[in-house]
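The values are calculated or read from the model by the stated rules, or taken from the named source; none is laboratory data. Because the structure is a prediction, the values reported are computed rather than measured. Ideal geometry is used to build each Cβ from the backbone, glycine not excepted, and the neighbour counts take in all protein chains shown. Heavy atoms of the whole protein, side chains included, go into the accessibility calculation; ligands, DNA and RNA do not. Shrake-Rupley method; radii C 1.70, N 1.55, O 1.52, S 1.80 Å.
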Amino acid sequence: MSRTERDDPLQRLSIVVPIGPGERAWPALYAALREHANAAEVRLVFAEGDAQAVANGAQDDVRIAPAGRAAQHNAGAAASTRPWLWFLHADSRPDAAVFAALRAFIARDEHALGWFRLRFDTDDTPALRRRMRVNAAGANWRSRRFGLPFGDQGLLMPKAIFDELGGFDPTLRCGEDLALVWRAQRADVPLRELPATLTTSARKYVERGWLRTTLRHLRLTAAMVWREICR
């Protein structure tokens, strides 16, 4: 290993990627991580019974957990051996700016939770591309204004913070990322916007419909916020 590799802050990072049954976007992400963040530890966490977990070309980095993003996140974190955790969705596409921001944030060794600006990638119609720009702008505004980044914004934190917060809540069917961020706020953990944009796929909006998916996310967010406020 060269001195440059030894000095890379990503030597301190475990990247946890939960992969749902039937998810097909992860090989491109895995290739990008191995190309641009080879110093980091990668934990691909497949759901129990997923045939992809058997013959996927990445056996050394694979873990198995009960289906559910919270449970898979927690299993990946438990299997990690590094002091920093980056929770990344399988359809995320980090670029050079994202990796540079990762390195800088980890090198500062701040006791804080980091998140990235969000951008959606879609090859569909110009109308959908315009709508997804609105969604991304709304997500970024919500994150800055209320300190509520979601999981598709690549939550990054020291493992010590994750352990203090008790990990993701596996009893939640959805919204486990927002619940973790709420607990971080209540614990006075600083939330830091990192100076880069993380691209994620707009596939679910294409498959389920933009309006239906957007309204569902708004309802779920409102319900989660109301529940936390009323505790």
Query raised in the report: Which distance in Å, rounded to a whole number, links the C-alpha centroids of the stretch 47-113 and the stretch 124-143?
Result: 25
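Provide the convex hull volume over Cα atoms per residue for the chain, in Å³.
Hull volume normalised by residue count: 124 Å³.
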Query - Highest-MSF residue in the chain out of TRP182, TRP141, TRP115 [GNM, Cα springs under 10 Å] - result: TRP141
Query raised in the report: With a sphere of radius 11 Å drawn around the Cβ of GLN52, what net charge do the other residues whose Cβ falls strictly inside it have (Lys, Arg +1; Asp, Glu -1)?
Result: -1
**Report entry** Low-density loop cleavage sites - trypsin sites (Lys or Arg not before Pro) in the stretch 127-181, where at most 11 other Cβ are within 10 Å (DSSP)
**Finding:** ARG173
Report task. With an 8 Å cut-off on Cα pairs and a minimum separation of 6 or more residues, tell me the relative contact order of the chain in percent. Result -> 22
Query raised in the report: Can you give the three extents of the C-alpha atoms in the stretch 126-217 along their principal axes, from longest to shortest, in whole Å?
Result: 43, 32, 19
Query raised in the report: Quick one: if you stick a label point 7 Å off each Cα along the C-beta vector at ARG34 and ALA78, how many nm between them?
Result: 2.7
Report summary line: Rounded to the nearest 10 Å², the accessible area of ASP123 using a 1.4 Å probe with every protein chain kept is 140
Query - Difference of contour (0.36 nm per residue) and Cα-Cα distance, ARG186 to ARG129 - result: 16.9 nm
